[in-house]
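Here's the structure we're looking at; comments come further down.
The values are calculated or read from the model by the stated rules, or taken from the named source; none is laboratory data. A quick note: this is a predicted structure, and the numbers were derived from the prediction, not measured. Note that each Cβ is placed from the backbone with ideal geometry, even for glycine, and that neighbours are counted across all protein chains shown.
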Amino acid sequence: MIKKHLNSLLSAALLWVSSHAVADTQWRTLSPDNLMVMTLPHGKVIFELAPQFAPRHVAHFKALAANGHYQDNKFYRVIDGFVAQAGPAESEQAYGDNLGHEQTASTISMESEWLLAQSPRITPVQSPDLFAKQTGFSGGFAVASDDTENKAWLTHCPGVLALARGNEPDSGTSHFYITNGQAPRYLDRIMTIFGRVVYGMNHVQAITRTAVIEGQAAVDNADFTPIVSMALMSSLPIDEQITIQVEDTESAAFVKKLVERRARSHAFFYKKPPSVLDVCQVPVVSRIVPTNADKPNKS
């Protein structure tokens, strides 16, 4: 019965692949112009930015990083299983541009969703989803959509990078957060996601928690984890740059992975879970491409 079910899923997936243009290879090399390197005291975290979904936010983030805005900022709101949020000590600090002019980070309007008809190709995962009519992957990012609204949006899976804001929708400035645990999908569509961690999630998890349980002493802000530097990969000296590849979520190999993950046909699952698949429970594997002949490292 399980084998018949798996064959049925594979047949449906192959039919989908045959009716869509899919990538020839399993891996996609990320452009250094689209990778942001955040250095923490205990290691580096690398974000893949998403200009195809949130172009103004990506440009805003790149400009702030280039002007040193994030230098010595701290992660001041770090809640286990939720988010690690960082930004200036004050509501917004002034910072200097490369010409020495003092500026302040401006507010930026939301880019939390887009027209589905204008969306990049989406590899489907689940329909319906708990929070959306359809989920899938596009360019390595988990997305959700609703064809009745003609809208699509990025989802709050673990490791996404998003801009914090106040109560007003268009009040985001430079404070950002990284989801570090459960998928807070109730934030979908009301926050702007503009990137995701592709390297160093272990360093994100090692950021000092600032929220404590009742009865514990408060964490002194002197112990908050600082940002040592924030720089675009392409701006680093060539010998410090890292080439990263990620699974191509538009490839036939990834579609096959989705089918197998849904079916759970391994003998370990002596009781089979329902044939549903949470988009946030599908890891998109990354690897470093070495400069020598060694085999790439996966992360």
Taking the conditions exactly as written (more than 26 Å from HIS69 (Cβ to Cβ) and of a type in the set (Asp, Glu)), does GLU113 satisfy them or not? yes
So in the stretch 48-70, with the set limited to residues that are of a type in the set (A, V, I, L, M, F, W, C), touching a residue at least 60 places away in the same chain (Cβ under 8 Å) and farther than 17 Å from VAL143 by Cα, which one is surrounded by the fewest Cβ atoms within 10 Å (Cβ to Cβ)? ALA66
Would you confirm, using the coordinates I've provided, whether ILE207 is over 30 Å from ARG121 (Cβ atoms), at pLDDT 95 or above, part of a loop (DSSP other than H, G, I, E, B) and not charged (D, E, K, R)? yes
Does the stretch 171-190 hold any residues that are hydrophobic (A, V, I, L, M, F, W, C) and either farther than 17 Å from ALA50 by Cα or over 13 Å from the mean Cα position of the chain (by Cα) (or both), and which are they? ALA183, LEU187, ILE190
Tell me, yes or no, whether the stretch 173-190 has at least one residue that is surrounded by fewer than 18 Cβ atoms within 10 Å (Cβ to Cβ) and among the β-branched types (Val, Ile, Thr). yes
Of residues in the stretch 8-41 being outside any helix (DSSP H, G or I) and touching a helix residue (DSSP H, G or I) at 6+ places or on another chain (Cβ under 6 Å), the one modelled with the lowest pLDDT: VAL22
If I filter the stretch 68-85 for residues that are closer than 30 Å to ILE122 by Cβ, touching a helix residue (DSSP H, G or I) at 6+ places or on another chain (Cβ under 7 Å) and either assigned to a strand (DSSP E or B) or of a type in the set (A, V, I, L, M) (or both), do I get at least one hit? yes
